[in-house]
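Heads up: the structure comes next, in structure tokens.
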Amino acid sequence: MVLDNDLDIISEKPHKEDTKNPTAIRSPEEEKETMIYSLDLTVNLGKAYLISPHLYSVCKEAKDGIFTQESDLKTISKSLDKDYTTLISATSQIYPDKYPRCRDLKGAGSLQHPCTCQLHTCVMWYPCGLKYCHGSDNFGRLVSYRCGIKTCKRCLAFNYTVPTKLKCLWDI
């Protein structure tokens, strides 16, 4: 449920831009700050149907690695009118802040210790607002008018607990 209000932009305009020049390398006009999410719950795959009927089929290969936030379950509970107690019963509490970052563990013996893993990803270019240009009207007055779609870049970092550093080899 990691959604940003920036994404509420009409989708046809960026699609038209892409079809005009599909091989163009696009650069964002604004780089938004990295959002860090602490995933404090792990979902029991056998009870995942309590949260969503699709969760099991989508995540069945990630038996010990389905993570979420308590705030996500609260949002699901409110928006889908589901009982929060039922949703939370499909999860177990984990504590990402309790353990050191996996990248900070050194030495051969550190591979078997629990740690906090961070998965970092970026959306390099997406429409995030309307672009306004400035000009003059027929009377010479300064006016502001819509002249396109503003584009942004946003990076996300997801922190979660793993039982061993071997389950987080990319966090180096």
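Here, each number is a calculation from the coordinates, and none is a lab measurement. Please read these numbers as outputs of a predicted model, since none were measured by experiment. Glycine also receives a Cβ, built like all others from the backbone with ideal geometry; neighbour counts cover every protein chain displayed.
Here are a few things to note about the model shown:
- Calculated from backbone phi, Karplus (6.51, -1.76, 1.60) coupling profile of the range 33-40 in Hz, x at Gly/Pro: 5, 5, 9, 10, 10, 9, 7, 9
- With helices as the sole contributors, the chain gives -4500 deg cm²/dmol at 222 nm; each DSSP H run of n ≥ 4 counts as -39500 (n - 2.57), and the sum is divided by every residue.
- Pair HIS120, LYS82: separation of 7 Å Cα→Cβ label points (nm): 3.2 nm
- Any cysteine of the chain lacking a neighbouring Cys Cβ under 4.7 Å - listed by number: CYS59
- Those trypsin sites (Lys or Arg not before Pro) in the range 33-95 that DSSP places in a loop and that have at most 10 other beta carbons within 10 Å: LYS63
- Partner lysines for LYS153 [C-alpha distance under 22 Å; skip if fewer than 8 residues away on the same chain]: LYS13, LYS16, LYS20, LYS32, LYS131
- Fully extended contour minus Cα-Cα distance, from SER89 to ALA62, at 0.36 nm per residue: 7.8 nm
- Close lysine pairs were tallied over the range 41-93: pairs 8 or more places apart or on different chains with Cα atoms under 15 Å apart number 4.
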